[in-house]
Amino acid sequence: MFHDFGGSQAHSVCFGASPPKIVAVPGSIASWEVWLPTIEELTRRVGVVAIDHAGVGQSKFLADQISYEFQLGLLEAVISDRELERFVLMGDSSNVALVLDYALKHPSRVGALVLVAGVPWSFDTPQIRSFLGAVKRDFHGTIDAFTHACFPEEDSEQLVSWLRDLIAQTGPESVVAILESYFSIDLRDRLQAVDAPCLVLGGELDRVAAEGLEGLTTLSDSLSHAELVVLDGVGHVPSMSRPVEVAAEILDFLERKGVLTGG
């Protein structure tokens, strides 16, 4: 489904039962497909909407249109167009910040948050600036190295190839614009105001997420109603590499919090 926004069209997909109860936002530089293996498991029980934020997948926007506030506006446009009233919001990697920010702005709509492999701070670092410089010099070589780093799991070459293709579709200009748009974002001072139950989930072997497991622990400790789950032997994209486990953890959490039955 396409949604009029910002002089172009945003893209989202919907699977499973209606009305959907979960909205999935992918990491900042790849499309909704990073959630697909987990969505296949989740939709045995619950409907899911997944979005392509600005600059990725089928949400085709110019790089100079992309800003953090633009991404928040796009998320709101999709949610409004799909007439969603209360839902679970899932964010991956850098877009942990986006979904937390949305929940802070719209607390009555968000019944719970699932925060995977990211923290809502540490976006403007020497490592990220070095990565962006490498993207500008050698996009495909840099993305190849990055996607291999995302999947330290054995026998994951097909997942590396899949993620590499998704980021290649984004292209160097949009990758740079998206990541630079997060440089000023730091939500640490606002986290105590998040009232929704939060599942913070990451992989033991993740060396890509800012601050690694220490960052996820800090995030979980900073939220008033959070639980932390660390999956053994897993890297930066558990939604692709361990979808059965990820979906089971999500559904268990939502059931215990009464979210799926509570509307």
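Is it fair to say residue 123 is within 13 Å of residue 237 (Cβ to Cβ), among the aromatic types (Phe, Trp, Tyr) and modelled with pLDDT of 95 or more?
no
Take residues that are open to solvent by 10 Å² or more (accessible area, probe 1.4 Å) and within 25 Å of residue 238 (Cβ to Cβ) and tell me which of the strands (runs of 3 or more DSSP E) falling wholly in segment 1-89 contain 2 or more. Before the answer, list the steps.
Details: elements: 2-5, 8-15, 22-25, 48-52.
Output list reads 8-15.
Among the helices (runs of 4 or more DSSP H) confined wholly to segment 173-258, which include 2 or more residues that are of a type in the set (A, V, I, L, M, F, W, C) and crowded, with 19+ Cβ neighbours inside 10 Å?
Passing ranges, in order: 212-222, 243-256.
Examine segment 39-52 for a residue that is among the aliphatic types (A, V, I, L, M), over 15 Å from residue 22 (Cβ atoms) and in contact (Cβ under 8 Å) with a residue 24 or more places away in the chain, and state whether such a residue exists.
The answer is no, given that none of the residues of segment 39-52 is among the aliphatic types (A, V, I, L, M), over 15 Å from residue 22 (Cβ atoms) and in contact (Cβ under 8 Å) with a residue 24 or more places away in the chain.
Evaluate the following for residue 115: is it farther than 21 Å from residue 55 by Cβ, modelled with pLDDT of 95 or more and of a type in the set (A, V, I, L, M, F, W, C)?
yes
Scan the helices (runs of 4 or more DSSP H) fully inside segment 93-166 and keep the ones with 2 or more residues being of a type in the set (S, T, N, Q) and open to solvent by 40 Å² or more (accessible area, probe 1.4 Å).
Details: elements: 96-105, 126-137, 139-150.
By residue number, 126-137.
Being among the small types (Gly, Ala, Ser) and out of contact with any helix residue (DSSP H, G or I) (no Cβ under 8 Å at 6 or more places or on another chain) is the filter; apply it to segment 61-96 and report the residue that is farthest from residue 183 (Cα to Cα).
Start the filter on segment 61-96 by keeping residues that are among the small types (Gly, Ala, Ser), which leaves 63, 67, 73, 77, 80, 91, 93-94.
With out of contact with any helix residue (DSSP H, G or I) (no Cβ under 8 Å at 6 or more places or on another chain) added as a condition, the list becomes 73, 77, 80, 93.
Working: 73: 18, 77: 23, 80: 27, 93: 14 Å.
Ranking the qualifying residues of segment 61-96, first place goes to 80.
So for segment 236-243 (the condition being touching a helix residue (DSSP H, G or I) at 6+ places or on another chain (Cβ under 6 Å), over 17 Å from residue 127 (Cβ atoms) and among the β-branched types (Val, Ile, Thr)), does at least one residue qualify?
There is at least one residue in segment 236-243 that is touching a helix residue (DSSP H, G or I) at 6+ places or on another chain (Cβ under 6 Å), over 17 Å from residue 127 (Cβ atoms) and among the β-branched types (Val, Ile, Thr).
The values are calculated or read from the model by the stated rules, or taken from the named source; none is laboratory data. Values in this document were obtained by computation on a predicted structure and should not be read as measured data. So basically every Cβ, Gly included, is an ideal-geometry build from the backbone, and we count neighbours across all protein chains shown. Side chains included, ligands, DNA and RNA excluded: accessible areas come from the protein's heavy atoms. Shrake-Rupley method; radii C 1.70, N 1.55, O 1.52, S 1.80 Å.
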